[in-house]
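I have placed the structure first, in the form of structure tokens, so that the comments after it can refer back to it.
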Amino acid sequence: MSDVPLLQQLIDALRCLPGVGPKSATRMAFHVLERDREGGRRLAQVLASAVERIGHCSRCRTLTEHEVCRLCANPQRDRSVLCVVENPTDVMALEQATGFSGLYFVLGGRLSPLDGVGPGELGMEQLRQRLTGEEVKEVILATTTTVEGEATAHYVAQMAGSLGCAVTRIAHGVPLGGELEYVDSGTLAHAFAGRHRV
Amino acid sequence: MQEHTLQPAYVLHVRRFRETSLVVELLGASQGRCAALAKGALGSRRAWGNQLQPFTPLLLAWRGRGELPLLTACETAAPAHRLNDRALYCGLYVNELILRLCERDDPHSGLFPTYVGCIDALASVSPENAALEPVLRAFELDLLDELGLGMQLRLDQDGEPIDPGRRYDYLPDQGAVLLRDARGGFSGGTLLGLADGGLEGPEQRREARTLMRRVLDVHLGGRALKSRELFQ
């Protein structure tokens, strides 16, 4: 590595980011070196400590720099409702969009046997312990609507059901402000099947 | 460049590729198992992402030769098969079986109708083991036949007809071997039931499952199927 020029090392390193190819990486490297060295220094420091100090919450598996994340540690949250999501970004999205006041559990992916992801890779055992050991009355499934997301939802639903929890699933259907003729047939079929009384 | 017209196909598996593209493993009516690149499928211009899902009858066109041709058109031919509960696990199992056992671009002409029949059946029977297992067993047998690995379930190793009242061992490379002992192995009734698609009772279903698992494991080369973990 030492005989590769530092500039090239920087460009190669930047390419670990999603969507950054050789061209964007070069542009970023030159920008930092030519125009914003202070920004680059700050990025380096924050990146180094983030990678070092941010881990997973021991209760819900979301990203946090503490042993237990802010949401799990908050005594105001309703401990009887647990929302199961695939990724930490889903927690963020739900927190911003909904008034949900319960707790979360992050699986860290979805059941996808063809990618080698089975129940063992997703912390299902930890979820089972949590459902057994705590006063969870309702489990809300908020997995994606892909086939793998469905399989994951079914797996968790079975497990939670066998442990005596009520299981609900977030609705899927026509997006707000969407016109029916532009909605794809699969979504429309789902929306139609899941209609409710007004 | 070779341009295909719209052809019936099913997605077996989808993998993300770069930011907005997908690598799609397909089962085509005339191509057999193949793969294609759906460029920009998750972007805003082409919203194919939610169409390119397993168990949806699709019409697809692709262009180019080699490992990964480019998907150029994608239409939904009919609403997706609704696989519920355990039927969904079975669907994933069937897809994994095809991906593991079939080579790419080997047009097994009989496989597509067999697959469609299997998915149809999985979607229509009640999602309980008693109804789902015979569907899976029939598919496994048809798949092996299609691959030239068919099983002889009506005659034993010596060419004698299988007796439903006796017990047999089944060796994947030799076939059914009559057992002197009345215990162990598989009953002749299970072998015949499997061959005729008429398995009766939980005992025959259990035996058939064990038998097929043993035979498939040989062809899978010792690497277990991940989707089996879902059933535990």
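The values are calculated or read from the model by the stated rules, or taken from the named source; none is laboratory data. Small disclaimer: the values here were computed from a predicted structure and weren't measured. Here Cβ is always computed from backbone atoms with ideal geometry, including for glycine, and neighbour counts include all displayed protein chains. Each accessible area value is taken on the protein alone, full model and side chains, heavy atoms only, with ligands, DNA and RNA left out. Shrake-Rupley method; radii C 1.70, N 1.55, O 1.52, S 1.80 Å.
Accessible area per residue for the stretch A:78-169 is 41 Å², calculated with a 1.4 Å probe on protein heavy atoms, without ligands, DNA or RNA. If you sort A:V156, A:V81 by accessible surface, 1.4 Å probe, largest first, the order is A:V81, A:V156.
Using the Cβ of A:C165 as centre and a radius below 9 Å, the other residues enclosed give a net charge of 0, where K and R count +1 and D and E count -1.
Looking at the square roots a ≥ b ≥ c of the eigenvalues of the Cα gyration tensor of chain A, which shape do they give, rounded for a/c under 1.5, prolate if a/b is larger than b/c, or oblate?
prolate
Sequence gap at least 6, Cα distance under 8 Å: using those rules, report the relative contact order of the stretch A:78-169 to the nearest whole percent.
Working: 132 pairs, mean separation 29.6, N = 92.
With pairs under 8 Å counted, the relative contact order is 32 percent.
Solvent-accessible area assigned to carbon and sulfur over chain A amounts to 56 percent, based on a 1.4 Å probe. Taking other residues whose beta carbon is less than 15 angstrom from the beta carbon of A:E34, and scoring Lys, Arg as +1 and Asp, Glu as -1, yields +2.
Which shape class, rounded, prolate or oblate, goes with the stretch A:78-138 when its Cα gyration tensor gives a ≥ b ≥ c as root eigenvalues, a/c under 1.5 marks rounded, and past that a/b bigger than b/c marks prolate? Mind dumping the intermediate values first?
On the way: a/c = 3.49, a/b = 1.30, b/c = 2.69.
It is oblate, given that a/c is not under 1.5 and a/b is not larger than b/c.
Averaged per residue, what accessible area in Å² does the stretch B:7-76 show with a 1.4 Å probe, protein chains only?
Details: 2940 Å² over 70 residues.
Result: 42 Å² of accessible area for each residue.
Ordering B:L42, B:L192 by accessible surface, largest first, gives B:L42, B:L192; the 1.4 Å probe counts only protein heavy atoms, with every chain in place. Ordering A:4-13, A:138-147 by mean Cβ neighbour count within 10 Å, with the highest value first, yields A:138-147, A:4-13. As a length-normalised measure over Cα pairs under 8 Å and 6 or more apart, the relative contact order of chain A settles at 13 percent.
Which value in deg cm²/dmol, rounded to the nearest 500, describes the helix-derived mean residue ellipticity at 222 nm for chain B, given -39,500 (n - 2.57) per DSSP H run of n ≥ 4 and division by the residue count? Please report the intermediate quantities before stating the final value.
Details: 5 runs with 77 residues, N = 232.
Helix contribution divided over all residues of chain B: -11000 deg cm²/dmol.
Of the peptides B:128-139, B:104-115, the ranking by mean beta-carbon count within 10 Å, highest at the top, reads B:128-139, B:104-115. Using a probe of 1.4 Å on the protein chains alone, the accessible area found for A:R15 is around 120 Å².
With every protein chain kept in the model, how would you rank B:E103, B:E19, A:E52 by accessible area, 1.4 Å probe, largest at the top? Intermediate values should be presented prior to the final figure.
Working: B:E103 125, B:E19 95, A:E52 150 Å².
Sorted by accessible area, descending: A:E52, B:E103, B:E19.
Listed by chain and number, the aspartates and glutamates whose alpha-carbon sits under 18 Å from that of B:K226, ignoring those within fewer than 8 places in the same chain, are A:D115, A:E121, A:E125, A:E148, A:E150, B:E25, B:D85, B:E96, B:E133, B:E140, B:D217.
Residues in the stretch B:148-232 average 56 Å² of solvent-accessible surface per residue, probe 1.4 Å, ligands and nucleic acids excluded.
Of the residues in the stretch B:208-232, those shielded by at least 30 Å² of accessible area once partner protein chains are present, compared with the chain alone at a 1.4 Å probe, are B:K226, B:E229, B:L230. Between chain B and chain A, roughly 1900 Å² of accessible surface gets buried, counting both sides and using a 1.4 Å probe. Across the stretch B:7-76, the relative contact order, built from alpha-carbon pairs under 8 Å that are at least six residues apart, equals 31 percent.
Please say if the stretch A:6-53 is rounded, prolate or oblate, where rounded means a/c under 1.5 for a ≥ b ≥ c the square roots of the C-alpha gyration tensor eigenvalues, and otherwise the choice is prolate for a/b larger than b/c and oblate otherwise? Oblate.
Residues considered: B:G32, B:G40, B:G184. Largest GNM mean-square fluctuation over chain B, using C-alpha springs under 10 Å, is found at B:G184.
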